1. Quick one: residue 228 ticks every box in (1) of a type in the set (A, V, I, L, M); (2) touching a Pro at 6+ places or on another chain (Cβ under 7 Å); (3) over 27 Å from residue 82 (Cα atoms) except a single one, so which number is it?
2. For the stretch 102-119, does any single residue satisfy the condition of being in contact with a helix residue (DSSP H, G or I) (Cβ under 7 Å, 6 or more places away or on another chain), open to solvent by 20 Å² or more (accessible area, probe 1.4 Å) and among the charged types (D, E, K, R)?
3. Return the total of residues in the stretch 180-191 being open to solvent by 30 Å² or more (accessible area, probe 1.4 Å), over 16 Å from the mean Cα position of the chain (by Cα) and among the hydrophobic types (A, V, I, L, M, F, W, C).
4. If you take the residues of the stretch 70-92 that are over 20 Å from the mean Cα position of the chain (by Cα) and under 17 Å from residue 55 (Cα atoms), which of them is least open to solvent (accessible area, probe 1.4 Å)?
5. Residues in the stretch 209-225 that are in contact with a strand residue (DSSP E or B) (Cβ under 9 Å, 6 or more places away or on another chain), assigned to a helix (DSSP H, G or I) and over 26 Å from residue 151 (Cα atoms): how many?
6. Go through (1) of a type in the set (A, V, I, L, M); (2) open to solvent by 10 Å² or more (accessible area, probe 1.4 Å); (3) closer than 19 Å to residue 143 by Cβ for residue 173 and report which single condition fails.
7. Where the second residue is open to solvent by 30 Å² or more (accessible area, probe 1.4 Å) and assigned to a helix (DSSP H, G or I) and the first is in contact (Cβ under 8 Å) with a residue 12 or more places away in the chain and lies in the stretch 195-208, which pairs have Cβ atoms under 8 Å and are six or more apart or on separate chains?
8. Quick one: which of 79, 56 is at pLDDT 85 or above, among the hydroxyl-bearing types (Ser, Thr, Tyr), closer than 17 Å to residue 161 by Cα and in contact with a helix residue (DSSP H, G or I) (Cβ under 9 Å, 6 or more places away or on another chain)?
Amino acid sequence: MKKLILIALAAVLAACGQSPKGSGREKLAGAGATFPLPYYNLAFKTYRDSVPAEVSYGGIGSGGGIRSLKDRIVDFAGSDAYLTDAEMAAMPDSVIHIPTCMGAVVMAYNLPGVEKLKLTGELVADIYLGKITRWNDARIRGINPGVQLPDLEIHPVYRSDGSGTTFVFSDYLTKVSPAWKETIGAGKSLEWPAGLAAKGNPGISGTVSQTEGAVGYIGSEYAFAQHISYASLQNKAGRFIDPTLESISQRPRATCRPTRVA
């Protein structure tokens, strides 16, 4: 990934049909990805304050949002990953993908006394594969000269729910780790060989914050808002990039699949 650990493009999947009405105000209900939840909370509140409409959104994970859309429980669903052709075909109504916001997925960690940490994609993959189990592993120490890494067990934290953030994270690992691509692959729900399970970005954030030695992938906004330490990741050019608002917004060639209408 260029200049970023990962980029997640949150998409709203809007179902065709009339929204329910009540008390003279249009109402829309949505659910899905927790990655864009902070943004949606602010955006929908601002929208409610300016027009006679109410928009509600529940952060239940991309997988839950897509299921709710399929079951016609909600009018739209937030997802960090586009629906597959099979998922599109299973929908009871036509569905469109609309890009809404962008952010980074960062590697948050809990290592008291370690203020700066560098990681590579291959190291992250091997941590989640269970091949690297302690923070003072020679490979981690090798790219962090001068950092006093403790002889402490690594606790990788992953999403227990169907997650677009998991798709973004695992898709990245398939590009930087042949071992990951061959054994785990990319997807919203995976068979994790090691680690602790947590639900949603808030769940991973909380688990990392409360577990010494933990590391987990979360939306950058959660790390920034909760002051959770996060690692710099090596890019293709060999540089270690800090995920900051500046580096996230300066991504030069963000790509987007064209909108599809079933």
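The values are calculated or read from the model by the stated rules, or taken from the named source; none is laboratory data. Keep in mind it's a predicted model, so treat the numbers as computed, not measured. FYI the Cβ positions are ideal-geometry reconstructions off the backbone, even for glycines, and counts take in every protein chain you see. Side chains included, ligands, DNA and RNA excluded: accessible areas come from the protein's heavy atoms. Shrake-Rupley method; radii C 1.70, N 1.55, O 1.52, S 1.80 Å.
1. (2)
2. Within the stretch 102-119, not a single residue is in contact with a helix residue (DSSP H, G or I) (Cβ under 7 Å, 6 or more places away or on another chain), open to solvent by 20 Å² or more (accessible area, probe 1.4 Å) and among the charged types (D, E, K, R).
3. 1
4. 74
5. So the answer is 4.
6. The one condition residue 173 does not meet is (2).
7. What qualifies is 196/207; 198/207; 201/37; 205/226.
8. Matching residue, one of 79, 56: 79.
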